[in-house]
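**Student:** I have a structure here, written as structure tokens, and I will follow up with some questions on it.
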Amino acid sequence: MPSYPEVMRIGVLTGGGDCPGLNAVIRAAVLEGTRVHGFEFVGFRDGWKGPVEGLTMELTAERVQNILPLGGTILGSSRTNPVKMDGGVEAIRSTMSDLGVDALLAIGGEDTLGVATHLSDQGIKVVGAPKTIDNDLSATDYTFGFNTAVQVAVDACDRLATTGASHHRAMIVEVMGRHAGWIALHTGMAASAHVTLVPEQPYDIDEVAKTVASVLHRGEAPLIVISEGATPAGGDVTHTGADLDAFGHVQLKGAGEQLERALVERLPDLPTRVTVLGHLLRGGTPTAYDRILGTRSGLSAVRAIAEGNFGTMAALRGTEVDQVPFADATARLKTVPPARLAEIAQVSG
């Protein structure tokens, strides 16, 4: 009797907040994995909850062929943290054993890849693909989803600027960005915002008011872009007061409204409107750039599995996508450097 090589079975999951481009990663990994390497795939539903509880769905080449333009993730997501659960890691081992899953492809941001790093340290075979619209993962130049989020934000700012000009009104646009202000930075520069506020640099409300007054004086309508994690000097982030999630995060809310109140105190006759873009930045179809970057990330990750290069994440370095150790990706948060803040300061106001 001839002997046949054992078919490798890969589990795929998407964790944390959804973003455009996730389905591109899933599609590329499954297509190359099945066609080139002869792998089989199992989709784990709802992030790390899937392998903990054995929640699965079929992942075949036919199933993923047409998902490239879809936003969100066909696998679903959650903020489940198995590391904080009693027996969470062992539950994942048990699920993988029961389903014959040999390795995991974890697609996610800082929290999801932090779990992947822990599992890798425990001997579980894992590779990763970086997902965060905040673009705050170190070791990669850009993450898929970021380009789409910025484009949606810029489109919104362009629309809000025209209505602001019609009514001589200050428009405050709040975008995502808990600890890193990349979305606000790129949005502010591309939308020609008069003021851009980011978490990396606490703002002086008196200086902001001074700029707003100057813009009004020359007959323009102020456009202000603010990250949800931006804070006034000496102040704290604004949040809902809800309990921390499984990764210890508060739910941020109200940075734009806080800024609006402070401005009106200093400029009592200032007409204002606050627009919180929030999850609009996460939803909808990905841009061509994010479809391509997601595809290349999925290809790189599945090739790493084929080569036995576990404990690594796909990373964009210049124009190439390579695998880097998890430690390089999760060691620190990639925040906006002072040089980039200086750049936008020269074209604002």
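**Student:** Percent of alpha carbon pairs in segment 124-223 separated by more than 19 Å? Don't skip to the answer; put the middle values down first.
**Tutor:** On the way: 2432 of 4950 pairs.
The share of Cα pairs beyond 19 Å in segment 124-223 comes to 49 percent.
**Student:** Same structure again: Using a 1.4 Å probe, what is the accessible area per residue for the chain, in Å²? Walk me through the intermediate numbers first.
**Tutor:** On the way: 15150 Å² over 349 residues.
Per-residue value: 43 Å².
**Student:** In what order, largest first, do H217, H186 sit by accessible area if the probe radius is 1.4 Å?
**Tutor:** Numbers: H217 165, H186 40 Å².
Largest accessible area first, the list is H217, H186.
**Student:** Right, another one. Run the accessible area of segment 5-139 with a 1.4 Å probe and give the carbon-and-sulfur part as a rounded percent. Please list the in-between numbers first.
**Tutor:** Values: 2140 of 4850 Å².
Carbon with sulfur: 44 percent of the solvent-accessible area.
**Student:** Using Cα atoms only, what is the angle between the long axis of helix 255-266 and the major principal axis of the chain, expressed in degrees (0 to 90) to the nearest 10?
**Tutor:** 10
**Student:** How large is the convex hull of the Cα atoms of the chain per residue, expressed in Å³ as a whole number? Let's see the in-between values first.
**Tutor:** Working: hull volume 46.4 nm³, N = 349.
In the chain, the Cα convex hull volume per residue is 133 Å³.
**Student:** Which of the three applies to segment 40-137, rounded, prolate or oblate, going by the alpha-carbon gyration tensor with a ≥ b ≥ c and a/c under 1.5 meaning rounded? Provide the component values of the computation, followed by the final result.
**Tutor:** Values: a/c = 1.79, a/b = 1.18, b/c = 1.52.
The shape class here is oblate.
**Student:** I've got another one for you. If you add up the charges near Q323, with Lys and Arg at +1 and Asp and Glu at -1, over every other residue whose beta carbon is less than 14 angstrom from its beta carbon, what do you get?
**Tutor:** Numbers: positive: K125, R296, R303, R317; negative: E307, E320, D322, D328.
Result for the local shell: 0.
**Student:** Sticking with this structure for a sec: Under the definition of Cα pairs under 8 Å and six or more residues apart, what whole-number percent is the relative contact order of the chain?
**Tutor:** Details: 787 pairs, mean separation 78.5, N = 349.
Computed over the chain, the figure is 22 percent.
**Student:** Follow-up question, since we're still on this one. Where a Cα-Cα gap under 19 Å defines reach, which lysines qualify for K49, not counting those fewer than 8 residues away within the same chain?
**Tutor:** Once the sequence-local lysines are set aside, what remains near K49 is K84, K125, K131.
**Student:** What is the antiparallel percent of DSSP beta bridges lying wholly in the chain, to the nearest 5? Each step should come with its number before you reach the end.
**Tutor:** Working: 12 of 43 bridges.
The antiparallel proportion sits near 30 percent.
**Student:** Work out the charge dipole of the chain with +1 on the Cβ of Lys and Arg and -1 on the Cβ of Asp and Glu about the Cα centre, then indicate which of L267, H167, A339 is farthest towards its positive end.
**Tutor:** The one lying farthest along the dipole's positive direction is H167.
**Student:** Enter the angle in degrees (range 0 to 90, nearest 10) between the Cα long axis of helix 88-99 and the first principal axis of the Cα atoms of the chain, meaning the one along which they spread out most.
**Tutor:** Once rounded, the angle reads 50 degrees.
**Student:** Here's a follow-up. Please identify every one of the trypsin sites (Lys or Arg not before Pro) in segment 67-174 that sits in a loop by DSSP and has no more than 12 other beta carbons within 10 Å of its own beta carbon.
**Tutor:** Of the trypsin sites (Lys or Arg not before Pro), not one in the loops of segment 67-174 has a Cβ with at most 12 other Cβ atoms within 10 Å.
**Student:** So, with +1 on the Cβ of K and R and -1 on the Cβ of D and E, and no other charges, what is the size of the charge dipole of the chain about its Cα centre, to the nearest 20 debye? Write down the numbers at each step before the final one.
**Tutor:** Values: 28 positive and 40 negative charges, 109 e Å.
The calculation lands at about 520 debye.
**Student:** Decide, for segment 61-195, between rounded, prolate and oblate: order the square roots of the alpha carbon gyration tensor eigenvalues as a ≥ b ≥ c, take rounded if a/c falls under 1.5, and otherwise choose prolate if a/b is larger than b/c, else oblate. Can you show the working numbers first?
**Tutor:** On the way: a/c = 3.14, a/b = 2.30, b/c = 1.36.
It comes out prolate by the Cα gyration axes.
**Student:** Given a 1.4 Å probe and heavy atoms of the protein chains only, how would you sort T162, T60, largest accessible area at the top?
**Tutor:** Details: T162 90, T60 40 Å².
My answer, sorted largest first, is T162, T60.
**Student:** Further question: Measure nothing fancy, just the Cα-based angle from helix 146-167's long axis to the longest principal axis of the chain, in degrees from 0 to 90, nearest 10.
**Tutor:** Roughly 20 degrees between the two axes.
**Student:** In addition: When the helices in the chain are scored as -39500 (n - 2.57) per DSSP H run of 4 or longer and the sum is shared across all residues, what 222 nm value do you end up with, to the nearest 500 deg cm²/dmol? It would help to have the intermediate numbers written out before the result.
**Tutor:** Numbers: 12 runs with 136 residues, N = 349.
Helix contribution divided over all residues of the chain: -12000 deg cm²/dmol.
**Student:** Please report the carbon-and-sulfur percent of the accessible area for segment 178-234; probe 1.4 Å, protein heavy atoms only, DNA, RNA and ligands left out.
**Tutor:** Details: 1040 of 2170 Å².
Result for segment 178-234: 48 percent of the exposed heavy-atom area is carbon or sulfur.
**Student:** Going through segment 38-132, which GluC sites (Glu not before Pro) have at most 15 other Cβ atoms within 10 Å and a DSSP loop state?
**Tutor:** On the way: sites: E40, E53, E58, E62, E90, E110; in loops: none.
Loop-located and lightly packed - none at all.
**Student:** Under a Cβ-Cβ cut-off of 12 Å, what is the net charge of the residues other than A161 that fall near it, where Lys and Arg count +1 and Asp and Glu count -1?
**Tutor:** With Lys, Arg at +1 and Asp, Glu at -1, the neighbours total 0.
**Student:** Provide the per-residue ³J(HN,Hα) series for segment 333-349, in order, calculated from phi with Karplus coefficients 6.51, -1.76, 1.60 and θ = phi - 60°, each as a whole number of Hz, with x at glycine and proline positions.
**Tutor:** 7, 8, 9, 5, x, x, 4, 6, 5, 5, 4, 5, 4, 6, 10, 10, x
**Student:** Oh, and also: Compute the signed sum of charges (Lys and Arg +1, Asp and Glu -1) over the other residues within less than 11 Å, Cβ to Cβ, of I226.
**Tutor:** Values: positive: none; negative: E174, E228, E257, E260.
After counting each charged neighbour, the total is -4.
**Student:** Roughly how compact is segment 83-155, stated as its Cα Rg over 2.2 N^0.38 Å to two decimals?
**Tutor:** Working: Rg = 15.2 Å, N = 73, 2.2 N^0.38 = 11.2 Å.
Computed over Cα atoms of segment 83-155, the ratio equals 1.36.
**Student:** Top mean-square fluctuation among D102, D136, D290, Gaussian network model of the chain, C-alpha springs under 10 Å?
**Tutor:** The residue that fluctuates most here is D102.
The values are calculated or read from the model by the stated rules, or taken from the named source; none is laboratory data. All of these numbers come straight from a predicted model, not from anything done at the bench. Virtual Cβ from ideal backbone geometry, glycine too; neighbours counted across all protein chains shown. SASA here: full protein model, heavy atoms, side chains in, ligands and nucleic acids out. Shrake-Rupley method; radii C 1.70, N 1.55, O 1.52, S 1.80 Å.
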